[in-house]
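Here the structure is laid out as structure tokens; the discussion comes afterwards.
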Amino acid sequence: MVKPLCKEQMIPSVNGSLPGPTINVREGDTLVVHVINNSTYNITVHWHGVFQLKSSWMDGTNMITQCPIQPTYNFTYRFHITGQEGTLLWHAHVLNLRATLHGALIIRPRHSYPFPKPYKEVSLIFEQWWNMDIGRLKLRPAPTSDAYLINGLAGDSNQCSKNRMFELKVVQGKRYLLRIINAALNSHLFFKIANHNVTVVALDAVYTTPYVSDVVMLTPGQTVDALFTADQSTGLYYMTISPYISAHGEPFPAKTTRGLIIYEGANITSSSPVMPSMPELHDTLTAYKFYTSITALAGGPHWTPVPLHVDEKMFITVGLGLELCPLGIKCPGHLGQLYAGSLNNRSFVYPETISLQEAYLNNINGIYTADFPNEPPIKFDYTNFRMRSHSDYKMMFPEKKTSVKTLRFNSTVELVLQNTGIITEESHPMHLHGFNFYVLAYGFGNYDPARDTSRLNLVNPQMRNTVGVPPGGWVVIRFIANNPGAWIFHCHVEAHSQYGIMMAFIVKNGVTPETTLLPPPSNLPQCTRDPAIYESPTTTIDLSY
């Protein structure tokens, strides 16, 4: 039972808290998490950004690497965490349950940080809140959220929460490491601290060249590690989050949510907190200045050079389209239809009877097709779409299919992700399970290899597991397919993921036992045809580690 705004509300929770418990490990540890499902929901837990090398069955992706943990059942996740340091997150991976089922996963180094040691570390988890049963969030489109939260608190800019604000007490002159996580279901967020800069030192648990900024931008699923020094005069300073809205008409509240920085010795009763000046709601230039200004810490811990030879090149269009409205029903989407999403005109359909990885391992036909295309079926003006022909109509109504791309083990894959304006130009945070990837370049308009290949950073590009494809623009990423198994690639805006902005890579086995997918654990959850989700909002899960 929680009360971010005006009324107490029963929510699905992990160990009775929002956000859920923080999991702390060191690089090289084996993590064991016992998930006991005492709820009426089907559950999986995804360890967002963890490589899962030789442990892909533990990725926690519903109907991709496992069937869900059904009510009254349990499952133990066990996996090694190697070659990663920094801040990640864990969250449910069944429809909208990650709205309240999420928490921080902090991976500390075995020895020392490649930056000055902080006086204290602080996790900041940003969330979206709805004054309703989250089962209603499966509506298309999703209802507008009522507030944003910082560590479960709505702050003094929201009605009924004046006295419930996250507070960070600091000592003047001390340095703090902020572990910032955007766990919002659908919203990109700006973050600022009044009168203070931060120094970004990691993105998605990969170290960066230190980058000083007065604003941080995170898409859903992204994390930022940033050093913050209490170097201003003694007083009170707001830390503030506000939405970045990349498409007009998106269902996000325009209001901000605040926490409070309190300097030791500040007079709380008589001092007025200093307010930051936040970016405008549609400030795409500020958002992508933050992204494009950061480079990797080349030569730092776990850094590997960019592979220069590319084995597989793919050009993937990313965007929203339409699905025909059933007869006799009034649909809320564009042209009276339902919204659909697609990659290369394929709208992903989850398997229903067995997980994708089990189907692959056991050579079971009829679950998926290995025909995801390397390019869209039709070339068109991607960012300036006009429906003029039957072909254009086809691009507006994507094909619904469980479609995968098969990759040879250890092949290097380059993806050009091209945003489309078929329905609207909108940022899409694309998350790849099982891998980090190099972000080689961003741009606006239609990608032109003759013009844009020279812009690729092959020296020290940032590495991420989630990247925002600019509205009306493109991004080029590259990764090495050195992790056998089935891995989804999807938009981390949950509404878009449910629309079908998703596909899967199946990475084949290598030639040695060390590069071969292990058989599934004996207690892997089994599927049922009745998903039994969203029966009751009164749920809890007992998670221990």
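The values are calculated or read from the model by the stated rules, or taken from the named source; none is laboratory data. What you are looking at is a predicted structure, and each value in this text was computed from that prediction instead of being measured. In this analysis, Cβ positions are derived from the backbone assuming ideal geometry, glycine residues included, and neighbour counts consider all displayed protein chains. For accessibility, only protein heavy atoms count, side chains too; no ligands or nucleic acids. Shrake-Rupley method; radii C 1.70, N 1.55, O 1.52, S 1.80 Å.
Two numbers describe the Cα atoms of segment 183-243: Rg and Dmax, which are 12.4, 37 Å. Here segment 113-212 is assigned +1 on the Cβ of each Lys and Arg and -1 on the Cβ of each Asp and Glu. Its dipole about the Cα centre then comes out at about 200 debye.
Using alpha carbons only, the radius of gyration of segment 131-195 set against its Kirkwood radius gives Rg/Rh = 1.04. Its residues counted as N, segment 171-291 yields a C-alpha radius of gyration over 2.2 N^0.38 Å of 1.09.
Binning the alpha carbon pair distances of segment 93-252 at 5 angstrom intervals from zero yields the distribution 2, 8, 17, 20, 20, 15, 10, 6, 3, 1, expressed in whole percent. The residues neighbouring VAL206, those whose beta-carbon lies less than 10 Å from its own, together hold a net charge of -2 under the Lys/Arg +1, Asp/Glu -1 convention.
Calculated mean residue ellipticity, 222 nm, the chain: -1500 deg cm²/dmol, from DSSP H runs (n ≥ 4) at -39500 (n - 2.57) each, averaged per residue and rounded to 500.
Distances between every pair of Cα atoms in segment 1-132, grouped in 10 Å steps from 0 to the bin holding the largest one, split as 11, 40, 33, 14, 2 percent. In terms of its Cα atoms, segment 279-326 spans 55, 39, 16 Å along the principal axes, sorted from long to short. These residues, PHE444, PHE228, PHE397, go from largest to smallest accessible area, 1.4 Å probe, as PHE444, PHE397, PHE228. Accessible surface computed residue by residue for segment 155-245, with neighbouring protein chains in place and a 1.4 Å probe, gives 27 Å² per residue.
Considering every alpha-carbon pair of segment 61-134, the percent of pairs per 5 Å bin, from zero through the bin containing the longest distance, is 3, 9, 17, 20, 16, 15, 10, 7, 3, 0. Placing THR420, THR295 in order of accessible area, with the largest value first and a 1.4 Å probe, yields THR295, THR420. I'd like the antiparallel share, as a percent to the nearest 5, of DSSP beta bridges with both residues in the chain. Here the share of antiparallel DSSP bridges comes out near 75 percent. Near PHE505, once Lys and Arg are set to +1 and Asp and Glu to -1 for all other residues with Cβ below 15 Å from its Cβ, the sum equals +1.
Rounded to the nearest 20 debye, the dipole magnitude of the chain is 220 debye, with +1 charges on Lys and Arg beta carbons, -1 on Asp and Glu beta carbons, and the Cα centre as origin. Quotient of the Cα radius of gyration of the chain and 2.2 N^0.38 Å, N being its number of residues: 0.93. The residue list SER347, MET395, ASN362 was ranked by how far each Cα lies along the charge dipole of segment 322-408 toward its positive end, using unit charges on Cβ atoms, and MET395 comes out on top.
Projecting the Cα atoms of LEU168, TYR288, ALA230 onto the charge dipole of the chain, computed from C-beta unit charges around the Cα centre, puts ALA230 farthest toward the positive end. Ellipsoid semi-axes for segment 414-474, based on the Cα gyration tensor and the rule √(5λ), read 19, 17, 8 Å when sorted largest first. The ratio of the alpha-carbon radius of gyration of segment 292-401 to the globular-protein estimate 2.2 N^0.38 Å is 1.47. Taking 4.7 Å between C-beta atoms as the pairing limit, the chain has these partnerless cysteines: CYS491. In the chain, taking the dipole from charged Cβ atoms about the Cα centre, the farthest positive-side position among ASN410, LEU432, PRO279 is held by PRO279. Other residues within the sphere of radius under 13 Å centred on the Cβ of PRO279, judged by their own Cβ, net out at -1 (K and R +1, D and E -1). Given C-alpha coordinates of segment 340-471, what is the ratio Rg to Rh with the Kirkwood estimate of Rh? With Rh from the inverse mean 1/r over Cα pairs, Rg/Rh is 0.98. Heavy-atom accessible surface of LYS174, to the nearest 10 Å², is about 80 Å², with a 1.4 Å probe and all protein chains retained. Accessible surface ranking for SER213, SER522, 1.4 angstrom probe, highest first: SER522, SER213.
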